[in-house]
1. Scan the range B:326-336 and give yes if some residue there is at pLDDT 95 or above, in contact with a strand residue (DSSP E or B) (Cβ under 6 Å, 6 or more places away or on another chain) and either assigned to a strand (DSSP E or B) or at the interface with chain A (Cβ under 7 Å from one of its Cβ atoms) (or both), otherwise no.
2. Within the range A:298-320, is there a residue that is facing chain B (nearest Cβ under 9 Å) and within 13 Å of A:Thr383 (Cβ to Cβ)?
3. Take the range B:139-171 and flag every residue that is of a type in the set (Ser, Thr, Tyr), part of a helix (DSSP H, G or I) and closer than 16 Å to B:Pro23 by Cβ.
4. Count, please, the residues in the range A:119-150 that happen to be of a type in the set (A, V, I, L, M, F, W, C), away from chain B (no Cβ under 14 Å) and crowded, with 19+ Cβ neighbours inside 10 Å.
5. Scan the range B:372-416 residue by residue and report those that are facing chain A (nearest Cβ under 7 Å) and in contact with a strand residue (DSSP E or B) (Cβ under 7 Å, 6 or more places away or on another chain).
6. Report yes if B:Ser114 is out of contact with any strand residue (DSSP E or B) (no Cβ under 7 Å at 6 or more places or on another chain) and either in a helix (DSSP H, G or I) or within 14 Å of chain A (Cβ to nearest Cβ) (or both), otherwise no.
7. Would you tally the residues in the range A:370-401 being part of a loop (DSSP other than H, G, I, E, B), modelled with pLDDT of 95 or more and out of contact with any Gly (no Cβ under 7 Å at 6 or more places or on another chain)?
8. With the condition kept exactly as written, say whether any residue in the range A:266-276 is at the interface with chain B (Cβ under 10 Å from one of its Cβ atoms), within 26 Å of A:Met31 (Cα to Cα) and among the small types (Gly, Ala, Ser).
There are 2 protein chains.
Amino acid sequence: MPKPRMTLDPSTPFRLSDMSDAPSIPQGFRMGAVKAGIKPSGGLDLAILLSDRPCTTAGTFTLNRVAAAPVQWDRRLVPSSSIRAVVINAGNANAATGAEGLANVKRTAELAASLFGCEAKDILVASTGVIGHQLPMPKLESGLHAVVPTLGSTPELLDLASRAILTTDTVPKVVSRVMELSGRTIQLLGMAKGAAMIGPRMATMLGFFITDAHVGSDDLQTLLSHAVEHSFNCISVEGHASTNDTVLLLANGAAGGDQLVGADLESFASEVKSACVELARMIPADGEGATHLITIDVEGCASRREARDLARAVADSPLVKTAIHGADPNWGRIVSAAGYAGVPFEENEVSLWLNGVALYRRGTPLAFDSARVSNSIRMNRETTINLVFERGDASIRFWTCDLTAEYIRLNADYTT
Amino acid sequence: MPKPRMTLDPSTPFRLSDMSDAPSIPQGFRMGAVKAGIKPSGGLDLAILLSDRPCTTAGTFTLNRVAAAPVQWDRRLVPSSSIRAVVINAGNANAATGAEGLANVKRTAELAASLFGCEAKDILVASTGVIGHQLPMPKLESGLHAVVPTLGSTPELLDLASRAILTTDTVPKVVSRVMELSGRTIQLLGMAKGAAMIGPRMATMLGFFITDAHVGSDDLQTLLSHAVEHSFNCISVEGHASTNDTVLLLANGAAGGDQLVGADLESFASEVKSACVELARMIPADGEGATHLITIDVEGCASRREARDLARAVADSPLVKTAIHGADPNWGRIVSAAGYAGVPFEENEVSLWLNGVALYRRGTPLAFDSARVSNSIRMNRETTINLVFERGDASIRFWTCDLTAEYIRLNADYTT
């Protein structure tokens, strides 16, 4: 059984520490961010990721029927071999905004295209923030004009961009990988935002990867979809699937060399997957008000879908989440959540471990040291739930966070 | 649009007032309750509903795969024409308790049968409380011996019984109906418990109806299933479907007359449905920590199932629930929750009203007085959401409650 790794006092909300070593930016990319005035707080809210050459680009998007205008724009263009830039704003989701919202995305892409010397179809757009309000276009347009001359590839600009895409996140979320493939150094950089409205059915709130690898468009989409399936599709905060979920991967080939194939492509795919998992975990770890990151390993299922349904039911149960918050080994809430996941298991094919302690085996409760298990939850910021079935070989690893009074406070008064 | 009805200060949790007029007990039924020592609090925790003659009995039960031992017992016996009594305990759910749990239900039924002079198959059992602990059988058996001599049909005994089935509920939940059918007076009495782990997929936490009507077994099951479908299956607190959900309806025919048929049967079915709705609403209204009862009317759907999926997604979204708690007309959370319900609607066929104010029409946001809507939420304990689609004629009325810091406090420390 995996063991909890951190031993910090969880009485204060769980917060990731900032990056100590700033990762470098893949070749041929520039970025930057400004305060465009879209966020009421006046903080950074407009970021640009720009490639000096066309990128093959893969993407995954929300399955929410109320898909945001920028999602509607992007998913018509991706996968693509001609993407030059991504324009990202926080403070306004441009979702549920009707025809005017779509027109505003188009205007944004057209303006960016004119500034970067490309076509509007080479510009992707992503937004996050409040739903149902029209974008303040004059502010966004002024911001675009202001940010373009500042673009570069310094750690400081990466820091600005990674902060500009946040809303209620408390820390920026950045991952990087450097790999040697056939004698060439390839860099991969990812950033994400998200702390609530996290229940991705397809991808999650804004995640962006850029790489200087030379990868074919179909290969890129295949490997990104696989990576997202094992990372951003395996997390939740409260299970509310967003209107704006978007993960993009831009590859500009600036590292040189031929298009990746064979073992090199597999190595690259493996690094993308590992980076996606690292970034995805950061989201529930920074979940609004969260004090525990909860890892749910579901094993022995008939299919991965079945494993996911079981994991999601456990992850999204407020009763499970509050029990972990209270360091309460009330494991009946876990098995009863699995019981309504829609998976036709029998009770005697379920076993459960909590932080490595066996609590329930094949449908029968076990005697255990309740104080010890409670203490292991209380003293660690990571909690591990292992649910083992006897229905097959499929499994999933899923991440969520606990539910606290601070989450309620943060969400009882967000727009007003 | 329905208008909110109450204008109480919601700064304190929403609590139903106690019944002012105690309803009378249908003919031929007795009841009672004692403190058997099952609840750690030492409160009332063992109740009996007894008929002096065999009852036709209908029931609906949880679809949770981890069905409690008493649910497994009851659903093998119902529908039945020979039920004499229901033994109900609170403080222990007897769920996820394996073979020992099933043996304990059987012993309970056998003991009750010996006390009431019937067979074990004529005794139904229901339990609620913590999951995964074995029933303290010596206490339960002593309690059964103690309660039997006290049974009667006074308002005081009804009050005791209705309190003994509660766990974290703050008030007993009792409804009654009296009807004249073909010259005979027929009484119907119902009681329920439930304040959390409420996300019924089939029925909800313990609900019991008794009537002196003479109704055929098949008719009784048909009319109860219909009533539950429109009442207990249309509520949630946090969406966690319990292991113990049970609704029973016992009809002993003591009012006399022939078996109800035709218009009389329809009238009776209509009263049962209305009583189920009244009782079901009391559950989210008494939801743990709740300050608002939220009614969600979903109309214009292609099927009732579609309407239910949409209503449940909205009802169970923590972001919707916290917005209502904060009197925040953040309607984007409502339409985005509908968006992940799995119903393939188009955004331009959705319209939304909140407390009667139009916020979103056919996919386009409307200008509205945000302060006025916020005030209408803040000043009323009932909030109404109307989501109107343009896909067909199916609709549903669903009830839930808001999510508050008090819910977190209550659930972060329940077993320990």
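The values are calculated or read from the model by the stated rules, or taken from the named source; none is laboratory data. Predicted model, so just to flag it, every value in this text is computed and none were measured. No Cβ is skipped: glycine too gets one built from the backbone with ideal geometry, and neighbour counts run over all protein chains shown.
1. Scanning the range B:326-336 turns up no residue that is at pLDDT 95 or above, in contact with a strand residue (DSSP E or B) (Cβ under 6 Å, 6 or more places away or on another chain) and either assigned to a strand (DSSP E or B) or at the interface with chain A (Cβ under 7 Å from one of its Cβ atoms) (or both).
2. yes
3. To start, the set of residues in the range B:139-171 that are of a type in the set (Ser, Thr, Tyr) comprises B:142, B:150, B:153-154, B:162, B:167-168, B:170.
Filter once more, so that each one left must be part of a helix (DSSP H, G or I): B:142, B:150, B:162.
Across the range B:139-171, the qualifying residue is only B:Ser162.
4. Of the range A:119-150, the ones of a type in the set (A, V, I, L, M, F, W, C) are A:120, A:123-126, A:130-131, A:135, A:137, A:140, A:144, A:146-148.
Filter again for away from chain B (no Cβ under 14 Å), leaving A:120, A:123-126, A:137, A:140, A:144, A:146-148.
Right, trim to crowded, with 19+ Cβ neighbours inside 10 Å and you get A:123-126, A:140, A:144, A:147.
Here the count works out to 7.
5. Here is the first cut: in the range B:372-416, the residues facing chain A (nearest Cβ under 7 Å) are B:374, B:403-405, B:408-409, B:411-416.
If the condition is that a residue be facing chain A (nearest Cβ under 7 Å) and in contact with a strand residue (DSSP E or B) (Cβ under 7 Å, 6 or more places away or on another chain), then no residue fits.
6. Details: out of contact with any strand residue (DSSP E or B) (no Cβ under 7 Å at 6 or more places or on another chain): yes; either in a helix (DSSP H, G or I) or within 14 Å of chain A (Cβ to nearest Cβ) (or both): yes.
When the stated conditions are applied, B:Ser114 passes them.
7. In the first step, residues of the range A:370-401 are kept if they are part of a loop (DSSP other than H, G, I, E, B); the result is A:379-381, A:390-393.
In the following step, the residues that additionally are modelled with pLDDT of 95 or more were identified as A:390-393.
Adding the requirement that they be out of contact with any Gly (no Cβ under 7 Å at 6 or more places or on another chain) leaves A:393.
Matching residues across the range A:370-401 total 1.
8. Just the residues of the range A:266-276 that are at the interface with chain B (Cβ under 10 Å from one of its Cβ atoms), to begin with: none.
No; the residues of the range A:266-276 include none that is at the interface with chain B (Cβ under 10 Å from one of its Cβ atoms), within 26 Å of A:Met31 (Cα to Cα) and among the small types (Gly, Ala, Ser).
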